[in-house]
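**Q** Let me begin by handing over the structure; questions about it come next.
The values are calculated or read from the model by the stated rules, or taken from the named source; none is laboratory data. Fair warning: this is a prediction, and the values are worked out from it, not measured in the lab. For neighbour counting, all protein chains shown are included, and Cβ atoms are generated from backbone atoms with ideal geometry for every residue, glycine included. Only protein heavy atoms, including side chains, enter the accessible area calculation; ligands, DNA and RNA are left aside. Shrake-Rupley method; radii C 1.70, N 1.55, O 1.52, S 1.80 Å.
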Amino acid sequence: MKARRNKKQVPSFRKLLKTSKVKLENKLKNKQFKQQSNLKKYRKEQRKLRQAVKDAVSKKPITLEEPKKKRPGKRIEREEEEEEEALPLDMMDEDDLQLMKDLGQRASFLTRDLSSSEPVHNKKRKHEHVIDKYEKIPRSLQTAPEKELIHLLPIKDKSGIIPQTREKPVADTNQDEEDQEEMELEEEIIEDPIRELTIEEHLIERKKKLQEKKLHIAALASAILSDPESNVKKLKELRSMLMEQDPDVAVTVRKLVIISLMELFKDITPSYKIRPLTEAEKSTKIRKETQKLREFEEGLVSQYKFYLENLEQMVKDWKQRKLKKSNVVSLKAYKGLAEVAVKSLCELLVALPHFNFHNNIIVLIVPLMNDVSKLISEMCCEAVKKLFKQDKLGQASLGVIKVISGFVKGRNYDVRPEMLKTFLCLRIKEVEVKKDTEDINKPQKFMTFKEKRKNLSRMQRKWRKAEEKLERELREAEASESAEKKLQLHTETLNIVFVTYFRILKKAQRSPLLPAVLEGLAKFAHLINVEFFDDLLVVLHGLIESGNLSYQESLHCVQTAFHILSGQGDVLNIDPMKFYTHLYKTLFKLHAGATNEGVETVLKCLDVMLTKRRKQVSQQRALAFIKRLCTLALHVLPNSSIGILATNRVLMQTFPKTDLLLDNESQGSGVFLPELDQPEYCNAQNSALWELHALRRHFHPIVRTLAAHLIAGAPVEGSEALKPELSRRSAVELFAAHSMAAMTFNPPVETLGSRRKDKILQGNAFLNEDLNQLTQRLCNEVATQLPLDFTKYLKTSLR
């Protein structure tokens, strides 16, 4: 006979994952109920056993002849059931029946009550009263505690058998338990004394354990990388090592497992988002390969989710200073674990923006950008900047911007300025470019059948059909996102950014976020709607006039205003003279005694204000700015001087008539007034750029080169023209290229060597010959004591 096949299949990994939470709770409840019922059953049996012992002492014996009469209620029913299950008497022989009766007569010792002294087979009176029966039962006080009895061998006398019992002595259990524990402790100390390890032995033991854990992690990771679909279950084994309990290596092992899992997920994660299967997809029959792929995807998503939950819990434990009951990891070590967890989250944020749970990572990272720990805050801000820079479509950037905007508003604008500075890395400038190209190169529309038949021949229609088919296939193969979707995402992102900026300008003008807001407005001002330009310029000018801004912030206000006017705002009839005056007046706040943070912003402002608006700038204004910039170049750092002279070169080439500053002859009437704050009325045409001659003897070679180039009139060709590496770069690029942040000169400045002089000149050798003779004559004259009368010399000078 063939063995019966077990039809019950083992549930797959996918089905186990889909077990609902309700089922698990019901299973736990059933288990607890079963344990409680077993405990109740055991207690009931113990209670019955005690009652049976008590009945055996108190009650009278029950004979075997009349079992049904003596047993009440439920016992009678049970007895009847047992009798029905037993063999009927009519199936037994007469000899066997008689033998059973005889045995029942002789079973007196087994069935009688040992405490009774009556004869064995003394028959019961039929009409015995119930009260008399109750009176014959031995009485016992309910208040008296039950004493445990020890049954001894009975004694037989003339009246019958007398049972013998003795009370069990009550021992002091607490004292016995303490004595037993002390004995066990003494035996353990005597049998197995623990030898204390020295520091060297402890370190060697820890190194050995750590090496074993590293090999185990490496083996699991290698197996997963070699065949991810088959070994996806090993991710769970590797993730279980995050709960390492050995206090010697727990922290190190957990850090290694966090980094290993992060790298594994970056390598084995597909380049698409895994969605849950529908009911129809689950019910359809599929191939083994497809089923294997589905199980791999579901296992990967579940383990990735659990991994992110573990990282989140580590960060929460560190933030709440929460110590676990196991005390495996100390509070001090939680910070290191949290830093590694945050680093892994940042890596996954940047590397897997397309995969599942990316929004959950964003929700975790954004609050940490405002963390008290500077290291964690910078780590998260850099990750967000990196994400903005590499996000071409804008979907991930939009998710981050939404969370940041809500967080800033929820904190009432009390956040780190670095959070808003990340907005500067958004790739929103492509919107206008794409928009222009759409207007110029509109998508080609295919001809209808009627148009083809009317305008084309049969052969031409055939060729056109083949061309259209090829174009459709190329579009599908290109698989690029549509420009409309990209434009829509960028527009929504910009709206949220500007809403955040305008809220801060309106409600928190003295907030430390204002510089970041002004810097952001300066970058994205050309994308603002024209309707807001007039109001925004009024707000910016009010901020400058308030005097509450630093110099850097006021420069950002000026830059924002001119970015607005250089884009769509050039159609507006707005006079920005107040912004020109403010910049001209505050240029001398830059000097070598302070950091040159504002120089780059000044160079950008000058480019937008003068070069790009050349048609709206008068010659008097250009001359005033060139003269003041040359004066400024004398007392700033070398890299700032290079940027300023490069700006002057562009201005002299943009406004050719400004070469009159290279002549000594004055143009027109008036005297140059350098202390005047109005560039239009300072008469800069009556001055000369004498500062360039001082800069020709500067210690930096690039400054000397640019000064000589400007003295020659900033020619494009000829011997005085600049080299391509200088002429092709903008002023901002030259300023950054020759930065002195590393405390070095670029290029290195030549040091003056010690020149050995053959002839040492005496003091008289430096004097003129006539002057030397005069001094000699005065020294040889005899000194006469004359009164000092300065009035006659004063009268002589007055005449």
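**Q** Need a quick list: helices (runs of 4 or more DSSP H) entirely within region 296-394 having at least 3 residues that are on the phi > 0 side of the Ramachandran plot and either out of contact with any helix residue (DSSP H, G or I) (no Cβ under 9 Å at 6 or more places or on another chain) or surrounded by fewer than 18 Cβ atoms within 10 Å (Cβ to Cβ) (or both).
**A** Numbers: elements: 331-351, 358-368, 374-390.
Here the list is empty.
**Q** Here is a check on your reading of the model: is Leu220 at pLDDT 85 or above and hydrophobic (A, V, I, L, M, F, W, C)? Walk me through it before giving the result.
**A** Working: at pLDDT 85 or above: yes; hydrophobic (A, V, I, L, M, F, W, C): yes.
Yes; evaluated as a whole, the condition is true for this residue.
**Q** Here's a follow-up. Return yes when Glu205 is surrounded by fewer than 18 Cβ atoms within 10 Å (Cβ to Cβ), without any contact (Cβ under 8 Å) to a residue 24 or more places away in the chain and assigned to a helix (DSSP H, G or I) and no when it is not.
**A** Details: surrounded by fewer than 18 Cβ atoms within 10 Å (Cβ to Cβ): yes; without any contact (Cβ under 8 Å) to a residue 24 or more places away in the chain: no; assigned to a helix (DSSP H, G or I): yes.
Against the criterion (surrounded by fewer than 18 Cβ atoms within 10 Å (Cβ to Cβ), without any contact (Cβ under 8 Å) to a residue 24 or more places away in the chain and assigned to a helix (DSSP H, G or I)), Glu205 does not qualify.
**Q** Restricting to region 395-416, what's the tally of residues that are in contact with a helix residue (DSSP H, G or I) (Cβ under 8 Å, 6 or more places away or on another chain), open to solvent by 60 Å² or more (accessible area, probe 1.4 Å) and not basic (Lys, Arg)?
**A** Residues that pass the stated criteria total 1.
**Q** A further question on this structure: Tally time: how many residues in region 628-672 are modelled with pLDDT of 90 or more, more than 46 Å from the chain's Cα centre (by Cα) and part of a loop (DSSP other than H, G, I, E, B)?
**A** Looking only at that region, the number is 1.
**Q** Right, here's the next one. So which residues in region 284-295 are open to solvent by 70 Å² or more (accessible area, probe 1.4 Å) and touching a residue at least 24 places away in the same chain (Cβ under 8 Å)?
**A** Within region 284-295, just Lys292 meets the criteria.
**Q** Going through region 232-248 one residue at a time, which ones are assigned to a loop (DSSP other than H, G, I, E, B) and crowded, with 18+ Cβ neighbours inside 10 Å? Before you say what the answer is, go through the steps one by one.
**A** Of all residues in region 232-248, those assigned to a loop (DSSP other than H, G, I, E, B) come to 232-233, 244-248.
The answer is Val232, Glu244.
**Q** Restricting to region 682-707, count the residues that are farther than 20 Å from Leu726 by Cβ and free of Cβ contacts under 8 Å to residues at least 12 places away in the same chain.
**A** 1
**Q** Answer yes or no: is there a residue in region 566-573 that is at pLDDT below 90 and crowded, with 21+ Cβ neighbours inside 10 Å.
**A** Just the residues of region 566-573 that are at pLDDT below 90, to begin with: 566-573.
This time we only want the ones that are crowded, with 21+ Cβ neighbours inside 10 Å, so: 569.
Scanning region 566-573 turns up at least one residue that is at pLDDT below 90 and crowded, with 21+ Cβ neighbours inside 10 Å.
**Q** A further question follows. Right, Glu229: assigned to a loop (DSSP other than H, G, I, E, B), in contact (Cβ under 8 Å) with a residue 24 or more places away in the chain and farther than 23 Å from Met314 by Cα or not? Can you show your working first?
**A** Working: assigned to a loop (DSSP other than H, G, I, E, B): yes; in contact (Cβ under 8 Å) with a residue 24 or more places away in the chain: yes; farther than 23 Å from Met314 by Cα: yes.
The answer is yes for Glu229.
**Q** All but one of (1) out of contact with any His (no Cβ under 7 Å at 6 or more places or on another chain); (2) open to solvent by less than 10 Å² (accessible area, probe 1.4 Å) hold for Pro276; state the number of the condition that does not hold.
**A** Checking Pro276 against (1) out of contact with any His (no Cβ under 7 Å at 6 or more places or on another chain); (2) open to solvent by less than 10 Å² (accessible area, probe 1.4 Å), the one that fails is (2).
**Q** Continuing with the same structure: With part of a helix (DSSP H, G or I) and surrounded by 13 or more Cβ atoms within 10 Å (Cβ to Cβ) as the only criterion, which of Leu692, Leu722 stands out? Even if it seems obvious, please write down each step before you answer.
**A** Details: Leu722 fails: part of a helix (DSSP H, G or I).
Answer to the selection: Leu692.
**Q** Got a number for residues in region 631-659 being open to solvent by 30 Å² or more (accessible area, probe 1.4 Å) and touching a residue at least 12 places away in the same chain (Cβ under 8 Å)? Give the derivation first.
**A** Taking region 631-659 as the starting set, the residues that turn out to be open to solvent by 30 Å² or more (accessible area, probe 1.4 Å) are 631, 634-635, 637, 649-650, 653-654, 656-657, 659.
Imposing the further condition that a residue be touching a residue at least 12 places away in the same chain (Cβ under 8 Å) reduces the set to 631, 634-635, 637, 649-650, 653-654, 657, 659.
The qualifying residues number 10.
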